[in-house]
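Student: Below is a structure I'd like to ask you about.
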């Protein structure tokens, strides 16, 4: 107990003998403590000059290659739609197909292909293929009762002007849905439809005709992702 009092007495004597030095030591100690407390507990983010430099954590980045696998199926689907549309158009010109050229291999397209194969007397698989398209193009076979005017009726804009058409109506709806003009879907090919088709053809880098054509239908089907109905 006495030794503790002696130590306190000596400390008091030292403080009394050197008051300025004691105050400086206390202030320095206080500043040091404040710096440590601020660095360790009061910083919300990384300190600009950390006491212990650490390597920043960098999350492992996975390769973002998802878009490439998705683009391949899209391109393949677009190519298949074009191929089927070409087959439908060639069959229509020969009188075997009398439905919309929409790029969809449905029951009517399948029946038309089989009718063509039977009429041509050839042995080829009835499917959407380049071989099928080449065979139809090279053939001169026509359906019984087909006339030269039959295939043209599907894509003749003048014929579309005469009466409302479901095909024109579907095209008008597709153009209006995707913002290619203020069109009233009436089924009648009117000036507004002509302007909307021109706008669509420019946007898709197609020859600007303003008319209903097989390339136009193919692009619309590819854009909407569904047959034009």
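The values are calculated or read from the model by the stated rules, or taken from the named source; none is laboratory data. Bear in mind that the values here come from a model prediction, so they are computed numbers and not experimental data. Cβ atoms come from the backbone with ideal geometry, glycine included; neighbour counts cover every protein chain shown.
Student: Tally up the residues in region 91-131 that are part of a helix (DSSP H, G or I), surrounded by 22 or more Cβ atoms within 10 Å (Cβ to Cβ) and in contact (Cβ under 8 Å) with a residue 40 or more places away in the chain, please.
Tutor: Adding up the residues that qualify gives 2.
Student: Kindly indicate whether residue 154 is modelled with pLDDT under 70, outside any helix (DSSP H, G or I), touching a helix residue (DSSP H, G or I) at 6+ places or on another chain (Cβ under 6 Å) and farther than 23 Å from residue 220 by Cα.
Tutor: In short, no.
Student: Hey, another quick one. Here are some conditions: (1) at pLDDT below 85; (2) closer than 25 Å to residue 91 by Cα. Residue 218 meets all but one. Which one does it not meet?
Tutor: The number of the failed condition is (1).
Student: Pull up region 179-205, narrow it to residues that are assigned to a loop (DSSP other than H, G, I, E, B) and in contact with a helix residue (DSSP H, G or I) (Cβ under 6 Å, 6 or more places away or on another chain), then point me to the one that is surrounded by the fewest Cβ atoms within 10 Å (Cβ to Cβ).
Tutor: Of everything passing the filter in region 179-205, 204 is surrounded by the fewest Cβ atoms within 10 Å (Cβ to Cβ).
Student: Which of (1) modelled with pLDDT under 85; (2) in a helix (DSSP H, G or I) is the odd one out, the single condition residue 171 does not satisfy?
Tutor: Tallying (1) modelled with pLDDT under 85; (2) in a helix (DSSP H, G or I), residue 171 fails exactly one: (1).
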